[in-house]
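Visitor: One structure, pasted below without further comment.
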Amino acid sequence: MILATVASAIKDELAQLRVEDQAPGMTALACSLARAVDASAKNPAAKAVAARELRAVMRELRALAPVESKGDAVDDVAEQREKRREAARKRAVGQ
């Protein structure tokens, strides 16, 4: 298993969240804090402080992220119904 650095993991998560346009300063702060966590391996107190602040910033950024609609059972049923209706329309016009 390859361990990613905190900075690369945060960068990947920020890309998924798509919040850089909404909060560029907080996004930059998150990246800076992640680098500080990675750089403070020899200073556990500094690492803990940076990690705590990083968690707080990421919590706020996650709250800003747009909600994605993945679809649920109701959406699946509606989609199947629409397919059946389209097929019936085609049959009705002789296609």
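The values are calculated or read from the model by the stated rules, or taken from the named source; none is laboratory data. Keep in mind that this is a model prediction, so the values were computed, not measured. Counting neighbours? That spans all protein chains shown, and the Cβs are built from the backbone with ideal geometry, glycine included. When the accessible area is computed, the model is the full protein with side chains, heavy atoms only, and any ligands, DNA or RNA have been set aside. Shrake-Rupley method; radii C 1.70, N 1.55, O 1.52, S 1.80 Å.
Visitor: Six or more apart or on different chains, Cβ atoms under 7 Å: show the pairs whose first residue is in the range 50-66 and modelled with pLDDT under 95 and whose second is open to solvent by less than 20 Å² (accessible area, probe 1.4 Å).
Guide: Cβ pairs passing all conditions: 64/19; 64/23; 65/19.
Visitor: May I ask you to list the residues in the range 14-31 that are closer than 13 Å to residue 57 by Cβ and in contact (Cβ under 8 Å) with a residue 24 or more places away in the chain?
Guide: Of everything in the range 14-31, those that are closer than 13 Å to residue 57 by Cβ and in contact (Cβ under 8 Å) with a residue 24 or more places away in the chain turn out to be 14, 17, 19, 23, 26, 27, 29, 30, 31.
Visitor: Same structure, new question: Could you tell me whether residue 4 is on the phi < 0 side of the Ramachandran plot and at pLDDT 90 or above?
Guide: No: the conditions fail for residue 4.
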